[in-house]
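The values are calculated or read from the model by the stated rules, or taken from the named source; none is laboratory data. Since this is a predicted model, take the numbers as computed values, not measurements. Methodologically, a virtual Cβ is constructed for each residue, glycine included, from the backbone with ideal geometry; neighbour enumeration extends over all protein chains shown.
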Amino acid sequence: MLKEILSKKTIAHSVITLFGTFINGILGILFFVVLARSLGPDNFGLVSFAIVTLTLFGDIADFGINTGIINFVSKYITADKIKAYRFMKLGLKYKFLSWIFVLILGFLFSDLVSVSLLNKPELSGALKLSIIGVGGALLFSFVANCLQALQKFLYWSILNIFLNSLRLISIIILIFLGLLNYQVALITYIALPFFGFFIGLMLLPKNFLKVKGEEEERKFFLDYNKWVALSVTISALSSRIDTILVAKFLRIYDVGLYSVATQLTSTIPQIVYAIAVVVAPKLSSHTIDREAFGYLKKVQLYTLGLSLLGLVAIPLSYYLIPLIYSADYSGSVGPFIILLISQLIFLSSIPAHQAIFYYFSKPKTFVIISLIQMVIIFIVSIKLIPTYGITGAAYAVLTGSIFNFIFTNIWYLREFKKRL
């Protein structure tokens, strides 16, 4: 059975994306290790909160465009290239419009959020920088998701590795020159995705920007994206609300400690994304229920194996986190272990999530489940964080992940049972 699974084209493609993701994960960890050691928990907490805000608004402002690109471009790229290019061009236009909207609102309300809502005026400048960075995140994710939809997985991996390498090298040079502070670190972080976008455009079909009639596809694009957008918004809030509440109830120093735990476990969502990069377009192409279900069972075995392998990191964390980050970050170990288990559960949920989105095309169902998950995380967080600190935040995330795993699997297995 294992030989059969590993021989499939899906696994061959996922090897490329997983290798790229592994390298990116290492580069990302090195980047944040260097930052954490150089800036200390307080300043690292400022940078981390700004990055959390950037990615949160980047996900929300995307409005489901990335998922729409993957769905429609991968569906039409073989049968009707012009139609596929129209969806690409439409997606790029909407990303620019979305960024303009975020810039206006962000600069109007960033002071209000930092002072009145979070009671931390020192976050105001970092929030403004993060709002600018949303544009880079939106544009870079456009080229990355187009490469995914076109199944150019090697280019996808190389582009991500190039960007993360450049980011790490830039920070090291700044430290060597004695120029690094939290503002410079943030500016470096948000500037490079803009550069990556222009590099990535050269890897896409050269004539997609010249195609005409993209507005003809607007209704299909937006009808599909509206539920995806709501789901992504809820998921984005669910995955960052713990850090936001840590910033509200605790010190920026604690945000720095918690950010180390979340950054170390962020390699798991990258692995999830790498596998989803391969699974999503292939699952969209299946039309026979029995074949689709068989395909998902193999993916489930694959993800469960990876999840079990990830448990090895638990005993190592007691020694490696203080050693690599310094003794100042010893308090990150406990939350890391809890968050790791949570992310491994998320990894095991790939087949259910992909089936709901790309086979049954029922993003509305995922919206409901994600909304309940977000409410669970919020309630558990406000109960536990004031008493148990960052460990309470980690337990809130774990509770939400368990709920999501159980209910998404129940839903998609019931749907297949009806059809089979």
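Across segment 384-420, which residue is surrounded by the fewest Cβ atoms within 10 Å (Cβ to Cβ) among those that are among the charged types (D, E, K, R) and touching a residue at least 12 places away in the same chain (Cβ under 8 Å)? Here the answer is Arg419.
Here is a yes/no grid of residues against (1) at pLDDT 85 or above; (2) buried (at least 23 other Cβ atoms within 10 Å of the Cβ); (3) not charged (D, E, K, R):
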| site | (1), (2), (3) |
| --- | --- |
| Lys9 | no, no, no |
| Ala36 | yes, yes, yes |
| Asn43 | yes, no, yes |
| Ala50 | yes, yes, yes |
| Thr55 | yes, no, yes |
| Thr78 | no, no, yes |
| Phe101 | yes, no, yes |
| Ile104 | yes, no, yes |
| Phe109 | yes, no, yes |
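If you take the residues in segment 170-202 that are in a loop (DSSP other than H, G, I, E, B) and surrounded by fewer than 18 Cβ atoms within 10 Å (Cβ to Cβ), which one is nearest to the chain's Cα centre (by Cα)? Before the answer, list the steps.
Initial filter on segment 170-202 (in a loop (DSSP other than H, G, I, E, B)): 177-181, 202.
With surrounded by fewer than 18 Cβ atoms within 10 Å (Cβ to Cβ) added as a condition, the list becomes 177-179, 181, 202.
On the way: Leu177: 32, Gly178: 32, Leu179: 30, Asn181: 26, Met202: 24 Å.
So the residue we want is Met202.
Name, by its number, the condition in (1) under 23 Å from Ala229 (Cα atoms); (2) surrounded by fewer than 17 Cβ atoms within 10 Å (Cβ to Cβ) that does not hold for Ile314. Here Ile314 clears every test but (1). In segment 210-236, of all residues being closer than 23 Å to Ser370 by Cβ and of a type in the set (Gly, Ala, Ser), the one that is modelled with the highest pLDDT corresponds to Ala236. Residues of segment 308-365 that are out of contact with any Phe, Trp or Tyr (no Cβ under 6 Å at 6 or more places or on another chain) and not in a helix (DSSP H, G or I): Leu311, Val312, Ser326, Phe360, Ser361, Lys362. Among the residues making up segment 118-134, those that are in a helix (DSSP H, G or I) and either crowded, with 23+ Cβ neighbours inside 10 Å or in contact (Cβ under 8 Å) with a residue 60 or more places away in the chain (or both) are Glu122, Leu123, Ala126, Leu127, Leu129, Ser130, Ile131, Gly133, Val134. Residues of segment 142-170 that are small (Gly, Ala, Ser) and at pLDDT 90 or above: Ser165, Ser170.
Taking only pairs six or more apart or across chains, which ones have beta-carbon atoms under 9 Å, a first residue in segment 248-265 that is closer than 19 Å to Val34 by Cβ, and a second residue that is crowded, with 19+ Cβ neighbours inside 10 Å and acidic (Asp, Glu)? These pairs meet every condition: Tyr258/Asp242; Thr262/Asp242.
Could you identify the single residue in Tyr358, Tyr319 that is more than 15 Å from Ser266 (Cβ to Cβ) and modelled with pLDDT of 90 or more? Don't jump to the end; show me each part of the working.
Values: Tyr358 fails: modelled with pLDDT of 90 or more.
Unique residue meeting the criteria: Tyr319.
Within segment 247-263, being under 19 Å from the mean Cα position of the chain (by Cα) and at pLDDT 90 or above holds for Tyr258, Ser259, Val260, Ala261, Thr262.
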